[in-house]
1. I'd like the GluC sites (Glu not before Pro) in region 183-261 restricted to DSSP loop residues with at most 16 other Cβ atoms within 10 Å, sorted by number.
2. Give a quick list of GluC sites (Glu not before Pro) in region 1-59 that DSSP marks as loop, anything other than H, G, I, E or B, with at most 14 other Cβ atoms within 10 Å.
3. Multiplying the sequence separation of ASP111 and LEU265 by 0.36 nm and subtracting their Cα-Cα distance, what value in nm do you get?
4. In Å and on Cα atoms, what radius of gyration and Dmax does region 7-147 show?
5. What are the semi-axes of the equivalent ellipsoid of region 183-279, taken as the square roots of 5 times the eigenvalues of the Cα gyration tensor, listed largest first and rounded to whole Å?
6. For TRP126, TRP144, what ranking results if the residue with the fewest other Cβ atoms within 10 Å of its Cβ goes first?
7. Two-decimal Rg/Rh of the chain from alpha-carbon positions, Kirkwood Rh?
8. Volume per residue, Å³, of the convex hull around the alpha-carbon atoms of region 152-196?
Amino acid sequence: MIPFSKMHGNGNDFIVICNTDETMSTQDLSELAVQACQRKTSVGADGILVVESSTRAHFRMRLFNADGSEGEMCGNGARCIARFAFENGMAPAKMTFETLAGVMAAEVRDDRVSLELGEISLRDGWFGDRLMVRGVAFPSVFLWVGVPHCVVFVDDLDGYSRADLRDMGREIRNDRVRFPEGTNVTFLVPEPPSSARAVTYERGVEDLTESCGTGCVACAIACAVTHGMESPISVRNPGGVNDVELAFSAGNERCRATLTGRTALVARGVLLRRDEERQRNGGAGA
């Protein structure tokens, strides 16, 4: 049995577990993510977050998406795991933790958590390229915000059904010519002077999610660079609002970003591995 907490950041939901004793291998964690993240047949989530020991920071964060792949980073997930670590005595309110995208810093203030994502290079992507999707050329921005993000500007999100956005996001995400490693895709409507609406198709989840933290950061940078919007910028996802503060370097070649939003603890419990489930079901397959 594996103790877990179910948490979400503006609707981006996660199963949070500890692996500080490293009893679970990467393969174990990948298989657990596929099993536990299935909605209706298990707990259900966009991914699992894993706390492990670190010699560089207060702890190490690992993210396994619902399809079992390991992700470099997740903004909402990072905010959730920071609150989890604080409330379980693993880290102080102001903390650092290791990720595949580098060491992050966070601060927990009740249910709101701020995450510093460090420096983001603006030279490693593009601003203003047009993507052809379904015969329409959409202005776009591409950035690495710990993970790859393609921001697609649309006139009105309400003009697209959920199925439309999911299919368009999947098409862009799987464009291996432009994105050899795949990409997250966020559909964005800027709302000057300081807000925006966004919906994200997440790589690894392979569907639209209620919120995406790194996607909100990518959107805020896109709004600032292409529409001249000033920090802080509030990005409204279907699941809630994330506030993004930006600080650009001289020459606008780099940007430091801080992401702030709400987190929520939904439940605590224990996960059964498949062999434990089979035993409880009298040997029947899970």
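1. Working: sites: GLU202, GLU206, GLU210, GLU230, GLU245, GLU253; in loops: GLU206, GLU210, GLU230, GLU253.
The qualifying sites are GLU230, GLU253.
2. Values: sites: GLU22, GLU31, GLU52; in loops: GLU22.
Sites meeting the loop and neighbour criteria: GLU22.
3. Details: separation 154, 0.36 × 154 = 55.44 nm, distance 0.88 nm.
Full extension of this stretch gives 54.6 nm more.
4. 16.7, 53
5. Details: eigenvalues 225, 37, 36 Å².
They are 34, 14, 13 Å, listed largest first.
6. Values: TRP126 13, TRP144 17.
Least to most surrounded, the residues fall as TRP126, TRP144.
7. Numbers: Rg = 18.7 Å, Rh = 19.2 Å.
Ratio value, two decimals: 0.98.
8. Values: hull volume 3.6 nm³, N = 45.
Given the Cα convex hull of region 152-196, per-residue volume reads 80 Å³.
Readers should treat all values here as calculations from the given coordinates under stated rules, not as data from a laboratory. Computed from a prediction, not measured in an experiment: that's the story for all the values here. Reconstructed Cβ throughout: ideal geometry from the backbone, glycine too, with neighbour counts over all protein chains shown.
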